[in-house]
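Just below is one structure, and these are the notes that go with it.
Read-outs: derived from the displayed coordinates by stated rules, not from any lab. Owing to the predicted nature of the structure, the values given are computational and were not obtained by experimental measurement. With ideal geometry, Cβ positions are generated from the backbone for all residues, glycine too; neighbour counts draw on all protein chains shown.
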Amino acid sequence: MHNESPEETPFRQLLSRLPADAARQIQQQLHSVINYEPHIGLMGKTGSGKSSLCNTLFSPPPASVDSVKGCTRRVQRWQVQHGSRKLHIVDFPGIAESPELDALYQRLYLAWSSRLDVIVWVLKADERAWNDDLRCYCSLRAAGVAPARFLFVLSQADKIEPCREWDTVGHCPSPRQAENLHAKAVLAATLFATAHPVIAVSAAEHYNLRRWAEALILALPPHSCSAVSRHLDPELRTGCVSDTARAGFVRTTGDIFDEAVKTLALSDVLIRQLRQLRHALLCAARALWHLLFWR
């Protein structure tokens, strides 16, 4: 592999049993997955807390937050880096400023949509109406962006009524707030016909962030979830996150192998050998995952 890391060497050793062209194709594609640089888009209304939420998710925090005025009047690109590995955050200007700007922003969202691994759409939990969000979302859906590309999150959960009941010691909602948050999440899932669960969080209170990080990893394409997981704040790297990301990497490895060998002339003996080699390769991918992505 080009610029191969020590952890990638076992893959090369296993693939040396294949014809050179197939082995080279698999090696190159595995290297691309291992060193993949994901792009996460943040969309939603101005003031919904997109940047604040992003700051709590990744380490080190990638976004700058301006609490006085909207700080994302244009597309802002942020970067999280660990060693040579990078993750890109694309923070889009918020809708609901004016009809003219909304039309411009919708075109901007659409132009970027195919370049993003997932689109995180942030809704304020205490917002009474999401008409502007729904209008923009439906426009993107009508233009062909699939529902599975979007992950909706309810931000600022601590502001849900009755807001004075928020448990400031336990950093969690009161029973009545929890009931209202559940109702809001159900409403959002229904209105937007979401493909993924809608999670209510509070960046300020660090409420429900682990559950939301798990939802994010589950919503990502299999080839990118491991690359994203390595950039999460260490406190958010739960067992569910690691299991999901590892399974995604193993699945991607299997898909890469299958694509590379499908054109080979297969005898019964070769079919058995390929099955054994595929199994060994997936076992290596599973065993090496932690070294490749969570060091």
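Computed on the chain, with alpha-carbon pairs under 8 angstrom and 6+ residues apart, the relative contact order is 19 percent.
In the chain, the longest principal axis of the Cα atoms and the axis of helix 99-113 are about 10 degrees apart. For residue 116, nonlocal amide neighbours, meaning residues 5 or more places apart or on other chains whose placed amide H falls under 5 Å from its own, do not occur. Amide H to amide H, with H built 1.01 Å from N, residue 95 comes under 5 Å of 44, 45, 46, counting only residues 5 or more places away or on other chains.
Full extension of the chain between residue 171 and residue 9 yields a length gain of 53.7 nm, computed as 0.36 nm times the residue separation minus the alpha carbon distance. Amide H to amide H, with H built 1.01 Å from N, residue 200 comes under 5 Å of 154, counting only residues 5 or more places away or on other chains. Quick one: work out the % antiparallel among DSSP beta bridges in the chain, nearest 5. In the chain, DSSP labels about 35 percent of beta bridges as antiparallel.
Whole-percent P(r), segment 129-187, all Cα pairs, 10 Å bins from 0: 20, 39, 23, 15, 2. Computed from phi, the 3J(HN,Hα) profile of segment 134-148 under the Karplus parametrisation 6.51, -1.76, 1.60 (θ = phi - 60°) reads 5, 4, 5, 4, 5, 5, 5, 4, 5, 7, x, 7, 6, x, 5 Hz, with x in place of Gly and Pro. Between residue 103 and residue 75, the modelled label-to-label distance comes to 2.1 nm, taking each label 7 Å out from Cα in the direction of the beta carbon. The alpha-carbon of residue 184 sits under 29 angstrom from the alpha-carbons of these lysines, leaving out residues fewer than 8 places away in its chain: 45, 50, 69, 124, 159. Shown for the chain is the translational diffusion coefficient from the Stokes-Einstein equation, using the Kirkwood radius over Cα pairs, a temperature of 37 °C and a viscosity of 0.692 mPa s: 158 µm²/s. Site pair residue 275 and residue 24 shows an inter-label distance of 3.0 nm when each label is modelled 7 Å from Cα along Cα→Cβ. Legend: calculated FRET efficiency, residue 164 to residue 287, from the Cβ-Cβ distance at R0 = 41 Å, rounded to 0.05, equals 0.20. Each of the peptides 23-34, 221-232 was scored by the mean count of other Cβ atoms within 10 Å over its residues; in descending order, highest first, they stand as 221-232, 23-34.
Would you tally the net charge around residue 157, using a Cβ to Cβ cut-off of less than 11 Å, leaving residue 157 out, and scoring K and R as +1, D and E as -1? It works out to a net charge of 0.
Summarising the label geometry, the points placed 7 Å from Cα in the beta-carbon direction at residue 186 and residue 255 lie 3.5 nm from one another. Relative to the Cα centre, the charge distribution of segment 39-219, modelled as +1 at Lys and Arg Cβ and -1 at Asp and Glu Cβ, gives a dipole magnitude of about 540 debye. Packing here is the average count of other Cβ atoms within 10 Å per residue, and on that basis the peptides 267-273, 13-19, highest first, run 13-19, 267-273.
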